[in-house]
Amino acid sequence: MLRPLRDQILRLSGFTVDSTLSDVDGLAMFHARSYDLVLVDVEGESGIHDAERLCSEIKTSRNDQQVAFVCNWRVAALTDCPDEILRTEFNPAAFLEGVRSIMMQ
């Protein structure tokens, strides 16, 4: 439900955004284009397996690709695949600042 809002915040801030609800579609999009950053929205602990599989496939394909998970603190404690974690206590300014910080690395 927050995905369209996050997408819009990023677009209004000058970022180009491609978005999907499907990890399968996300991987296909990744192989079709080059991205500065791949954000993976991990919905609860049940989404960790699919998110980590997607992250692993992306990193195997392009090990220098920046990948960040957008997730809650419990998920953040249970995963180690992404380069960065953006916490989902939804604060649009903090979310945008987190993305900008990752992009500056």
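Here are a few things to note about the model shown:
- Overall dimensions of the stretch 1-61 by Cα: Rg and Dmax, Å: 11.9, 32
- The chain - accessible surface per residue (Å², probe 1.4 Å): 61
- If the Kirkwood radius is taken over C-alpha pairs of the chain, then at 37 °C and 0.692 mPa s the Stokes-Einstein diffusion coefficient equals 236 µm²/s.
- Screening the chain for whole DSSP H helices of 15 Å or more along their axis (Cα) with average Kyte-Doolittle hydropathy at least -0.5 returns 92-103.
- Ordered from highest to lowest accessible area with the whole protein assembly present and a 1.4 Å probe, R100, R87 read as R87, R100.
- Per atom type, the stretch 54-105 shows carbon and sulfur on 49% of its accessible surface, probed at 1.4 Å.
The values are calculated or read from the model by the stated rules, or taken from the named source; none is laboratory data. As the structure is a computational prediction, the values presented were derived from the model and not from experiment. Areas reflect the complete protein model, heavy atoms only, side chains present, ligands, DNA and RNA absent. Shrake-Rupley method; radii C 1.70, N 1.55, O 1.52, S 1.80 Å.
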